[in-house]
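Laboratory data are not the source of any read-out in this text; all were calculated from the coordinates shown. Here the structure is a predicted model, which means the values were calculated and not measured. Neighbour counts run over all protein chains shown; Cβ positions are idealised from the backbone, glycine included.
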């Protein structure tokens, strides 16, 4: 049940709130606790973009050392999950085996507040694009068609 609620929370429509710096003073729409979390955990973050959901959740999308990172945080500064870009070679061998000859467009490692380690792969299969989530054992958790 927690996973269903968590998934629904993440899938809620998101409104974009851009912020070029990590300062709640310059963008009053970003809570200080959220900005503080990013400043503390990612002091070298650049190209930061914020999104706010209707459920008081914020997503920070930024670069660290050239890698894209997305962090979901509640308005009170409580961490939800982090998605970190990885190369396709960094996917677990079991995931690569399950993907077979699919063309991997993008790959990421996801760590969440439940202690789960997940992997996301955007792949091209049979001329269609899919966003597929796997657990660390290679089990497919979710599959979404990208239109």
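Taking the conditions exactly as written (surrounded by 13 or more Cβ atoms within 10 Å (Cβ to Cβ), touching a strand residue (DSSP E or B) at 6+ places or on another chain (Cβ under 7 Å) and in contact (Cβ under 8 Å) with a residue 60 or more places away in the chain), does residue 135 satisfy them or not?
No, not satisfied.
Scanning region 57-80 for residues that are surrounded by 14 or more Cβ atoms within 10 Å (Cβ to Cβ) and outside any strand (DSSP E or B) gives 75, 77. Considering only residues that are in contact with a helix residue (DSSP H, G or I) (Cβ under 9 Å, 6 or more places away or on another chain) and part of a strand (DSSP E or B), look in region 112-134 and name the one that is nearest to residue 80 (Cα to Cα). Taking the candidates together, the pick is 112. Can you name the condition, by its number, that residue 105 falls short on among (1) surrounded by 15 or more Cβ atoms within 10 Å (Cβ to Cβ); (2) part of a strand (DSSP E or B)? So the condition that residue 105 fails would be (1).
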